[in-house]
1. Of all helices (runs of 4 or more DSSP H) completely enclosed by the range 217-321, which ones contain at least 2 residues that are away from the ligand (no atom under 16 Å from the Cβ)?
2. Of everything in the range 234-266, what is touching a residue at least 60 places away in the same chain (Cβ under 8 Å) and open to solvent by 10 Å² or more (accessible area, probe 1.4 Å)? Give them in sequence order.
3. Would you mention how many residues in the range 169-216 are open to solvent by 10 Å² or more (accessible area, probe 1.4 Å), within 15 Å of the ligand (Cβ to nearest atom) and not acidic (Asp, Glu)?
4. Give Gly158, Gly171 a once-over and let me know the one that is part of a helix (DSSP H, G or I) and in contact with a Lys or Arg (Cβ under 6 Å, 6 or more places away or on another chain).
5. Hey, does the range 47-70 have a residue that's assigned to a strand (DSSP E or B) and out of contact with any Cys (no Cβ under 7 Å at 6 or more places or on another chain)?
6. Can you list residue pairs whose Cβ atoms sit under 6 Å apart, with the first residue in the range 152-176 being closer than 24 Å to Phe251 by Cβ and the second being in a strand (DSSP E or B) and open to solvent by 10 Å² or more (accessible area, probe 1.4 Å)? Count only pairs 6 or more apart in sequence or on different chains.
7. Among the listed residues Val157, Val104, Val90, Val118, which satisfies the condition of being in contact with a Cys (Cβ under 7 Å, 6 or more places away or on another chain) and either under 22 Å from Leu202 (Cβ atoms) or open to solvent by less than 20 Å² (accessible area, probe 1.4 Å) (or both)?
Amino acid sequence: MRFSILSGVLLAATAATLASFAGESSAALLRARAYSHRDEQAAATWQKQLRRELATLLRLDMSLAARTAWPLDAKEAGAEEKSGYIQYEVTLNATPEQRITAVVTLPADPDAAPFPAVVCIHGHGSSRHTVYDMDTIYHGFAATLAGKGFVTIAVDVGQHEARDPGAALMGERLFDLIRCVDYLESLPEVDPDRIGCAGLSLGGEMAMWLGAMDTRIHATVSAGFLTVMDQMEQNHCMCWKFDGLRELVDFADIYALIAPRALLCQIGEKEPPTQFTPALAKRAFAELHCIYEDMGVPEKAALHIHPGAHEIHLESLVLFLEEQLAPQS
Ligand SMILES: [Zn+2]
């Protein structure tokens, strides 16, 4: 099954469900930068302006500009041989004052380099190791990718407190992931034109942010997160929210920053009915899909409603990343 067939089926299924949703906030001052259809050039201008505004809200203006002059000072340790790949830990400078630790895997056969690479992102109550664990809702997707010839990297995602009291929690989480991409780009084994990211739940949210704000990401898998902010106000912990966010955008607008690059969203049919429901995902997907249409690449974004619950759908994740991060001919 080629992925484009899957996405075509899903797109067709989306349109029919659109009209039936209501009940969102009627506050007029929200979502001032909502995306609406426009031509390709105006869409790219909208993206550049919105990225700048969001970087300011995330308190990342200064560090995004300064980081190219900040050495990573990466220190690798604890290499272990696994089936088809080497796994080790690396510590590196997120900022000149702060070091972070990540798990990295490299395919065992160096002759096959350069390799595609994926930033693998966990959610609440997990760690950098969880995405390699088969017996979790992540179904070991990072280990599966590692065994299939991808370089992978996973860092601990900030939970509910920023390390730096002056940082925005979401900005700090995102910046750690951007530094993981910096590290991937520093590896001679990695093809910098074939870097992607994937995550579930809070990890799906961070995959959205990383794909949206870092254009070095060529393919994004965001699982168990696509929804609308009005829903997230109801019964979810509020770590998604920060000052000024709702006044600018809803989640669909942040996802729209990923276009024209490849995006796969996954949502389980068995998600709890008060959480990340297929109905809300379809509504948000129809909104984010507008910019893919305007940019002439409607097939580059897909929503996969799978039979599972709040979990990774391993088969479609792997298929999508293999296809979207394949060597360019
Ligand atoms: Zn939270």
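1. Filter on the range 217-321 gives 245-248, 251-256, 278-294.
2. Cys237, Cys239, Phe242, Asp243, Gly244, Arg246, Glu247, Leu248, Asp250
3. Qualifying residue count, the range 169-216: 2.
4. Gly171
5. So far as the range 47-70 goes, no, none of its residues is assigned to a strand (DSSP E or B) and out of contact with any Cys (no Cβ under 7 Å at 6 or more places or on another chain).
6. Val155/Ile100; Asp176/Ile100
7. When all the criteria are applied, what remains is Val118.
The values are calculated or read from the model by the stated rules, or taken from the named source; none is laboratory data. Worth saying up front: this structure is predicted, and the values here are computed from it rather than measured. Neighbour counts are summed over all protein chains in view; Cβ atoms, including those assigned to glycine, are modelled from backbone coordinates with ideal geometry. What goes into the accessible areas is simple: the full protein's heavy atoms, side chains included, and nothing from ligands, DNA or RNA. Shrake-Rupley method; radii C 1.70, N 1.55, O 1.52, S 1.80 Å.
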